[in-house]
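Here's the structure, in structure tokens; my notes come after.
The values are calculated or read from the model by the stated rules, or taken from the named source; none is laboratory data. Keep in mind it's a predicted model, so treat the numbers as computed, not measured. Please note: Cβ atoms are built from the backbone with ideal geometry, for glycine as well, and neighbour counts cover all protein chains shown. For accessibility, only protein heavy atoms count, side chains too; no ligands or nucleic acids. Shrake-Rupley method; radii C 1.70, N 1.55, O 1.52, S 1.80 Å.
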Amino acid sequence: MTSGDVRLGPRQASSGRTLPVRIELLRQLRRRRTQITVGLFALLPVILWIAFSVGDDSSGQAGLSLTDLAQTSGPNFVVFALFSSASFLFVVVVALFFGDTVASEASWSSLRYLLAIPVPRVRLLRQKVIVAGLLSITVIAVLPLVALALGTLVYGDGPLASPTGETLPYGTGVLRLLLATVYVALQLTWVAGVATLLSVVTDAPLGAVGGAVLVSILSQILDTVDALGSIRNVLPTHYAFAWTDLLTADVDGTEMAQGVLAALVWAVAFGATAVWWFRRKDITS
């Protein structure tokens, strides 16, 4: 089966309705992997709270650390949870859902049967990417939502405070954290692009997921090399924590805008390459 195959007749008319998002989403939600991932991220704030409760909170340092601030109000607890997850855990989750899109079907030897239904290749990839995006957004949203509910219950509805001493009222802080979560999701679109490309290149899901995570780690390492100068600005992880600008009273959205733009450019580049590769790939499994 090659990328140039053209199907004619009655089956061609129905190919545009194959593999609906609803069916694929339900299929992925039934997988133990999805259930465990969502459950772990819902449980993470509880784990952090237990760690704070049983740990020694006497740091011996002057001033408040991020850990100390996390225990002063619900919004501050959310900030700590986002800081703890943004650079690695969220990357793993996005890489997991997008890296598993096509590679898992190939590893199960079911990809060629899906294409024989027929499901057009671009439609197959699009539907799976949409579902992976929905699952990723769900997991990214679950963590701050649970952290806000638990943090407000345990630490109260105090203001959102930053280590610099600035504070924002509870309502304003919650809105800023909502925007921060949206930014994190948009900034991680580049990971989705890398993982999708690797998913169509390899038939090993773990290879696609691990490869995307390794690319992120490499980008983070290169971002610490001062000798690279302004070259670091084009690295996809350079603006990963630009959302912290939302914690200040006067928000400068310049870096966030640059971060979203850079992520989307990388995502489109990797995504377009994935489509190009998948349309020409010989499917043998």
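Things to note:
- Subset tally (residues that are open to solvent by 40 Å² or more (accessible area, probe 1.4 Å) and not aliphatic (A, V, I, L, M)) for region 208-222: 1
- Residues in region 74-102 that are in a loop (DSSP other than H, G, I, E, B) and either surrounded by fewer than 24 Cβ atoms within 10 Å (Cβ to Cβ) or aliphatic (A, V, I, L, M) (or both): Ala86, Ser87, Phe88, Val102.
- Region 153-169, residues that are open to solvent by 70 Å² or more (accessible area, probe 1.4 Å) and in contact with a Pro (Cβ under 9 Å, 6 or more places away or on another chain): Asp157, Thr167, Pro169
- Some residue of region 184-197 being of a type in the set (Ser, Thr, Tyr), over 15 Å from Phe97 (Cβ atoms) and open to solvent by less than 50 Å² (accessible area, probe 1.4 Å): no
- Qualifying residue in region 222-240 (condition: farther than 30 Å from Ala272 by Cβ and either modelled with pLDDT under 95 or small (Gly, Ala, Ser) (or both)): yes
- Val251, sole failed condition from (1) open to solvent by 40 Å² or more (accessible area, probe 1.4 Å); (2) touching a Lys or Arg at 6+ places or on another chain (Cβ under 9 Å); (3) within 19 Å of Gly99 (Cβ to Cβ): (3)
- Note on region 26-38: among residues that are out of contact with any helix residue (DSSP H, G or I) (no Cβ under 9 Å at 6 or more places or on another chain) and part of a helix (DSSP H, G or I), the one that is nearest to Ala81 (Cα to Cα) is Ile36.
- Condition check for Val174: under 20 Å from the mean Cα position of the chain (by Cα) and crowded, with 16+ Cβ neighbours inside 10 Å: no
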